[in-house]
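Notes follow the structure.
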Amino acid sequence: MHPVQNEAALFLPEHELLVVADLHIGIEYELRKYGVYINSRVERLAERIKQIASKVKATKLLILGDVKHVIPSSPKYQQDALIKFFHEISKDMDVYMVPGNHDGGLKKIVEDISIFPSDGWFLEDMSVGFFHGHRWPNDHVVRCKTLVAAHTHPTVTLKDSFGYKFIEG
């Protein structure tokens with residue numbers, strides 16, 4: 001298992017498995033409410049993932065949560081974007097997903113992917129367990145030799161000379 005150089009992805013060559021997370025499809029539309037206009041990135045995102053998969057020779061893709069952005073419902077524009085995205089990437093590889101906290105209702109929108117429980121999934125040999133990170137992983141995942149989590153928002157606690165603490169991140 002190793003990170004894909006210069007990409008936000010992980011590759012497990014022995015399983016031909018590419019792992020990505022936190023894609024937040026639909027965030028462009030959400031940003032428009034705040035005056036930030038960004039064109040849809042669905043086609044580019046799907047193409048980029050396919051290029052990475054081709055480069056590393058992945059035949060399977062695991063999305064480790066938060067493929068969609070808008071919650072709790074999924075507006076039509078987000079549903080259309082998700083359908084387009086999954087249609088495009090599932091042409092070239094099997095797609096699996098461990099849902100994150102933004103992925104409620106995804107099963108109703110996209111039918112051609114395998115969705116594991118939100119408390120995680122693990123390789124049969126229990127060498128690696130995967131979970132999104134918004135929930136505690138299940139017992140099988142916790143017992144794996146290596147754990148892969150998404151969703152984490154790193155923080156650092158800074159303390160000044162007077163003892164005041166500040167959390168950044």
> So what is the relative contact order of the chain, in percent, for Cα pairs below 8 Å that sit 6 or more residues apart?
Replying inline: 17 percent
>> Is there a quick way to get the dipole size of the chain? I mean about its Cα centre, with the Cβ of Lys and Arg at +1 and of Asp and Glu at -1; what is the value in debye to the nearest 20?
In response: 360 debye
> Under the definition of Cα pairs under 8 Å and six or more residues apart, what whole-number percent is the relative contact order of region 1-93?
Replying inline: 34 percent
> Which whole-Hz ³J(HN,Hα) couplings does region 76-91 yield from phi under the Karplus relation 6.51 cos²θ - 1.76 cosθ + 1.60, θ = phi - 60°, glycine and proline marked x?
Replying inline: 3, 4, 6, 4, 4, 5, 5, 4, 4, 4, 5, 4, 5, 6, 7, 5
>> As a footprinting exposure proxy, order Met93, Met126 by other Cβ within 10 Å, with the fewest listed first.
In response: Met126, Met93
> Roughly how many Å is it from the Cα centre of region 1-47 to that of region 75-119, as a whole number?
Replying inline: 13 Å
> Got a sec? How would Ile52, Ile27 order by Cβ neighbour count within 10 Å, fewest to most?
Replying inline: Ile27, Ile52
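Each reported figure results from applying straightforward, stated rules to the coordinates on display, with no laboratory input. Every value quoted in this text rests on a predicted model; they were computed, and no experiment measured them. Methodologically, a virtual Cβ is constructed for each residue, glycine included, from the backbone with ideal geometry; neighbour enumeration extends over all protein chains shown.
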